[in-house]
1. Got a sec? Which of Ala137, Ala125 is in contact (Cβ under 8 Å) with a residue 24 or more places away in the chain, in a helix (DSSP H, G or I) and outside the structural domain of Val27 (by TED's automatic domain parsing)?
2. Looking at segment 19-66, which of its residues are part of a strand (DSSP E or B) and at positive phi?
3. Among the numbered conditions (1) surrounded by 20 or more Cβ atoms within 10 Å (Cβ to Cβ); (2) touching a residue at least 24 places away in the same chain (Cβ under 8 Å); (3) closer than 18 Å to Leu26 by Cβ, tell me where Met82 comes up short.
4. Being closer than 26 Å to Ser164 by Cβ and surrounded by fewer than 15 Cβ atoms within 10 Å (Cβ to Cβ) narrows it down to one residue among Lys37, Lys54; which is it?
5. Could you check, for segment 102-111, whether at least one of its residues is part of a helix (DSSP H, G or I) and modelled with pLDDT of 90 or more?
6. Filter segment 122-146 down to residues that are farther than 14 Å from Ala98 by Cα and surrounded by 19 or more Cβ atoms within 10 Å (Cβ to Cβ), then give me how many there are.
7. For segment 144-155, indicate whether the set of residues that are modelled with pLDDT under 90 and not hydroxyl-bearing (Ser, Thr, Tyr) is non-empty.
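The values are calculated or read from the model by the stated rules, or taken from the named source; none is laboratory data. Computed from a predicted model, the values in this text were never measured in an experiment. Here the Cβ is made from the backbone with ideal geometry for all residues, glycine too, and neighbour counts use every protein chain on show.
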Amino acid sequence: MAREPREGGRGGRDREREGDDLVDKLVTINRVAKVVKGGRRFAFAALVVVGDQKGRVGFGAGKAREVPEAIRKATDRAKRTMIRVPMKEGRTLHHDVAGHFGAGKVILRSADAGTGIIAGGPMRAVFESLGINDVVAKSLGTRNPHNMVKATFAALERCASPRSVANRRGKKVSDILGRREAAVTTEATADV
């Protein structure tokens with residue numbers, strides 16, 4: 001019995017909507033089977049990442065009998081679960097961070113300008129949807145796309161901007177970063 005080609009891996013779907021300026025990326029699609037009395041019933045499970053490329057991103061999973069319906073369900077779920085991630089100069093993370101979910105562990109590191117996105121499949125979709133241009137990421141443990149995306153989101157939720165850290169500690173941004181970096185960060189966040 002020949003296997004059907006698997007969609008989703010490299011070069012997944014990118015769709016841009018004009019109304020809400022959201023980009024959705026299909027991370028993976030999987031055909032699943034339910035064995036019933038008369039044989040097998042096939043369905044499709046989709047994993048989608050949605051972002052505005054300005055610091056907001058979300059993910060969702062959907063399952064249906066047809067591929068387009070599974071993608072639509074996953075996209076709707078991703079829009080409902082969007083989070084905001086603080087970015088340094090609108091291109092990278094403020095600090096290095098690690099996250100894990102189940103057996104998936106990821107390490108995200110901020111990078112210099114021009115580095116690009118150095119990350120594997122599912123994590124790359126998250127960063128492109130988020131709008132991060134320079135980051136180095138490593139996935140340790142599982143290669144399951146669902147766990148990799150959830151571990152990446154766990155790491156992104158732990159990211160904090162210098163302004164939020166200063167507010168939490170009752171200090172100034174310059175006390176947290178140092179004098180010279182604080183001036184650059186204040187100008188960059190004022191533009192956003």
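1. Values: Ala137 fails: in a helix (DSSP H, G or I).
Result of the check over Ala137, Ala125: Ala125.
2. Just the residues of segment 19-66 that are part of a strand (DSSP E or B), to begin with: 23-36, 39-51, 56-64.
Scanning segment 19-66 gives a single hit, Gly39.
3. Of everything listed in (1) surrounded by 20 or more Cβ atoms within 10 Å (Cβ to Cβ); (2) touching a residue at least 24 places away in the same chain (Cβ under 8 Å); (3) closer than 18 Å to Leu26 by Cβ, Met82 misses just condition (1).
4. On the way: Lys37 fails: closer than 26 Å to Ser164 by Cβ.
None of the other options fit; the residue is Lys54.
5. So the first thing to find is which residues in segment 102-111 are part of a helix (DSSP H, G or I), and the list is none.
Within segment 102-111, none of the residues are part of a helix (DSSP H, G or I) and modelled with pLDDT of 90 or more.
6. Filtering segment 122-146 down to residues farther than 14 Å from Ala98 by Cα leaves 122, 124-134, 142-146.
So of that shortlist, the ones also surrounded by 19 or more Cβ atoms within 10 Å (Cβ to Cβ) come out as 122, 124-130, 132-134, 145-146.
Of the residues in segment 122-146, 13 are farther than 14 Å from Ala98 by Cα and surrounded by 19 or more Cβ atoms within 10 Å (Cβ to Cβ).
7. First pass over segment 144-155, keeping only residues modelled with pLDDT under 90: none.
Among the residues of segment 144-155, not one is modelled with pLDDT under 90 and not hydroxyl-bearing (Ser, Thr, Tyr), which makes the answer no.
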